[in-house]
Each structure stands twice: as structure tokens, then as C-alpha cells.
1. Which whole-number value in Å² is the accessible area per residue of the stretch 99-232, probe 1.4 Å?
2. Which of the peptides 308-317, 293-302 is most tightly packed, and how do the rest follow, going by the mean number of other Cβ atoms within 10 Å of each residue?
3. About the Cα centre of the stretch 149-261, how large is the charge dipole given +1 on each Lys and Arg Cβ and -1 on each Asp and Glu Cβ? Please answer in debye to the nearest 20.
4. Given a 1.4 Å probe and every protein chain left where it sits, what share in percent of the accessible area of the stretch 18-165 is carbon and sulfur?
5. With +1 on each Lys and Arg Cβ and -1 on each Asp and Glu Cβ, and nothing else charged, work out how big the dipole of the stretch 93-183 is about its Cα centre, in Debye to the nearest 20.
6. For the stretch 289-396, what is the accessible area per residue in Å², given a 1.4 Å probe and the full set of protein chains?
7. Using a 1.4 Å probe over the heavy atoms of the protein chains, calculate the carbon and sulfur portion of the accessible area of the stretch 294-414 as a whole percent.
8. All other residues with a Cβ under 10 Å from the Cβ of residue 291 taken together, and with Lys, Arg as +1 and Asp, Glu as -1, what is their net charge?
Amino acid sequence: MRTDPHPGTLPAREHLPAAWAGTPVLDVVVPVFNEEKDLRPCVRRLHEHLTRTFPYAFRITIADNASTDGTPLVAADLARRIEEVRSVRLERKGRGRALRTVWSASDAPVLAYMDVDLSTDLNALLPLVAPLISGHSDLAVGSRLSRGSRVVRGARREFISRGYNLILRGSLQARFSDAQCGFKAIRRDVAQVLLPLVEDGGWFFDTELLVLAERAGLRIHEVPVDWVDDPDSTVHIVRTAMEDLKGVWRVGRALATGALPLDRLARPFGDDPRDRDLADVPRGLARQLVGFCAVGAVSTVCYLLLYSAFRAVTGPQTANGLALLVSAVANTAANRRLTFRVRGRGGMVRHQAQGLVVLAIGLTLTSGSLAALNMASSDPAHSTELAVLVAANLAATVLRFLLFRAWVFPDRGPARAADTVSRTGGTPWRATSGRGATAPAPGPSTPAPGPSPASPITPPPGQAASWTTSEADPAPRAPRTPEPEKPVTPPPAPARPQFPARPARQPDHDPRTTR
């Protein structure tokens, strides 16, 4: 998996200005491979729909994936005849590779893509990108499996699609309903940071993009769509399914080992309402209690089974110590990952060492209970020993939760953010292993929050970066003598980005073309 040694922080989501000028707000990519028959009607229909319904400037980019038929000629002709259309030629196949190439180079703040067959009803396009324009969401996906969708397709593809999404839910804990619908959008500032982490260049690109975004805590908006299957689709279902399963294994292994720096996708502290401190409301207490009880129930069963196995070959105290040691290591690892949501390998050894200290306290309680039982009865029954151990473990469990929450995995607040300074090289924003950090106030010696200098996110020339940067209050300055008021003149309109010169337009007699 690709990793980035210099993690960055995403800016706060902001609503795009209503009068965005110069640069298209939306860039719709249509990846194609040998689609000379369907490309022209698809682009014309999409262009007509956007011209009629989309309230912002837009662009349609045809991404040709090394086609061997007349697709490049059709794409070049459409780019020559229609001002909002451009064509990009790639010499290697792969939908994911095409999307990564075009999205990485685009200057539009909202990026989308759709399949050339237009199986998805175009009326869902504006609801798809609206949450990204408003700053509500980071990504948006069309779903054929949500409750409000209307889908027409064969039983075979229906079974494969639902089975694949069940695999994602069971193996990668995905919560989105449809990974492979060819109808998605993403904010450009998110794409600039997320795309370098996505390794796949084929059909698994969509799934990997969504899984990483979801694991990083980004907001994914789902839109139910009307979808009609294309009977002439050239997708090889069996081969694609095998490649997808390989991708599921690769991504699952990387997430399990903490090989992905998902902390670089964190939003600045305060962008999420869960970051707010509320009086007398412990954050995450209910969820942590549920997770801890679930892990504790499984650990108790494993502990009793281990005790019974060790008791057959050794004394009660030795069996109790060995069973506690094995179950405590697994319990600490499970609570670290599931209950307190700590990601990555940082601090793992320290957490296990602290968990062993908690184990010693539990061992004292349980061993003391066994000793008291043996003093009361010289030969207690095995069932009596188990009952005493269960009662002692209940008391040790309550104490273990309190120690885990307050000592082993505490919500450190501002202190936790300091853990990221050495990696980011600047002012800490948010902890990599959970919420709770606070953003420092800007001052003369503390840089204001914002993207790092090495961030690849840059605004288009001549335009404000309202959709890429999070502006902070400037540092305090000495008072200045007020100057006489000057007449306010409107700033000049930003220059439109310069594209390669186009050949002279040729007359187009197609009645479907919208001018």
C-alpha cells in the first residue's frame, strides 16, 4: 500500500461561493474504452442536461483508456465542437487509473464521474453534487441498493452486486450500501489527499476509495438512483469479481496492521460536532461501555475455558495466572481496537504493559478469592471455584474499565494532539487515534491552522481559495492610524484558465446539440 511520510490535515468544509467565476465548479469525467458507438450520444445528452439544470459552470472530461477503435477521434471531435468538453488520452487501461489522472490534474472544486452508458438517471446528478458544493459532505455516491432506488437488471448481476456488498460489510465493516455504482463525486481538496493512498487502478478503485474515506471518518452521502442495466456492457464479471476479492484482502490486511496513514485525512478540530465539549456529558461513554461489555463477555468465556484446560494439568493458582495472562493480552488488544478506537501501532507496547498492570490487579482479586475459598473449604467443588471466579471477575471488570478509560486509553484533550507534532512538523490539530484534541489559538509564535506548506492543494490562479483552505483569525497587530476612506471599486473578474487553443469550430447539424 502507498504511504505518505508527510501527513497533512484537510481544511474545514465550506460552501462554495454562489458567484464562482473563471473555473468550472463541476468536472464530470466519463472514462471510456472502445466506446465509439455510445460516446457521442452520451456526451451530448449529458451536456444538454447540465446546460439546462446545473446552476454553476461545468466541464465534461472524456478519459480515453487506451482505446483501439475510433473512440479517440469521436472524443476529439466532441471537444472541438462543444466548448465545455475536453478530451484526455491515456495509454494504459484502467478506470481507476483514468480517474486518478484526471481528478489529480483538475482545477474544479467538485469532481464526479459516470459510466458512458448512462445507466443512471441524470436527474440524480444535482442531488449527488449538492452536498459537496454546500460543504455538508466529502464524497457522494449513487446507490442502487438503497430503499428509494429503482433498478432494472438481471437476477445474475443483482445477486453478484448484493453478495459483493455483503462481503464488504463482513470483512471491511463497510457501511455504504453500493460500492460499484458508476456514479460518484468527491471534493477536490479531499481527492488531493485521498487519491495517493488508493493503490488500485482498475474496478476496485471505487471500493478502496470509499473504504479508506469511511475509515478516516469522512462523510459519505448516498443518493438513491434509478438505474437500468446495459445489456451490451463489456465488463467481465468473473474476472472483475476475482480482482475485487484480491483487493478486499489487500486493503483489509493494510487496515489491520495500521499500514495506512489515515490520520492525514482528519478534519481540523471543531469541524465535527462530536468535537464539542458538553457539560456533564462524557464523550463516547455509552459506546465504550457497550464495546467493553461485549469484549469482556467473550474474554470471560475464553478465560474460563483456559482455566478449565490448565486446571486439568496444574493447581488452581497456576491455572488462574496462565488463563488470566493469555486472556488479558487478547482483551487489551480487543479493547484498544474496538472499544477505544485506537488505530495504528503507536503506543501498542505501552498499552500492553499498562494492561498487564491492570491484569495484576485482577489477578490479586481472583487469587485472593481462591485463597479465601480454600481457607473456608479444604476441597471445594470445581463448580464452586468457577462461581467464585465469576464473582471476582465481575468486580475486576468494573475496575478494569475505569483504569482503561482513565489511565490506559485516556481522552487526553490538548495533550493528545501533541503526539502528531513530530509527524506533521507543525501545530497539532487532532490526535491520530481518536477525538479530543483542541486547536491552539493562532498567535505570533503559533502558526494559524491550515494546510501544511507541502500540501498539494492550491487554488486556481487569480481566485480565492475558499473551497480549499480554512482561514484563521490573523495574529494580533498593533493599532494603526485610520486612513481616509477611499472610494470602493469592484475587483476585476478573475481570468478564465487558459486551455489549449482549439481549432476552428465546424458546423454541427445535430439537432440534439445545445448551444
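1. Computed with neighbouring chains in place, this is 35 Å² per residue.
2. Working: 308-317: 13.3, 293-302: 15.9.
The densest-packed peptide leads the list: 293-302, 308-317.
3. My answer is approximately 320 debye.
4. 53 percent
5. On the way: 13 positive and 7 negative charges, 97 e Å.
Result for the stretch 93-183 is approximately 460 debye, rounded to the nearest 20.
6. On a per-residue basis, 51 Å².
7. Numbers: 4450 of 6180 Å².
With neighbouring chains kept in place, the figure for the stretch 294-414 is 72 percent.
8. Details: positive: 287, 337, 341; negative: none.
Once positives and negatives cancel, what remains is +3.
The values are calculated or read from the model by the stated rules, or taken from the named source; none is laboratory data. The structure displayed is predicted, hence computed values, not measured ones. Here Cβ is always computed from backbone atoms with ideal geometry, including for glycine, and neighbour counts include all displayed protein chains. These accessible areas exclude ligands, DNA and RNA; they are computed on the full protein's heavy atoms, side chains included. Shrake-Rupley method; radii C 1.70, N 1.55, O 1.52, S 1.80 Å.
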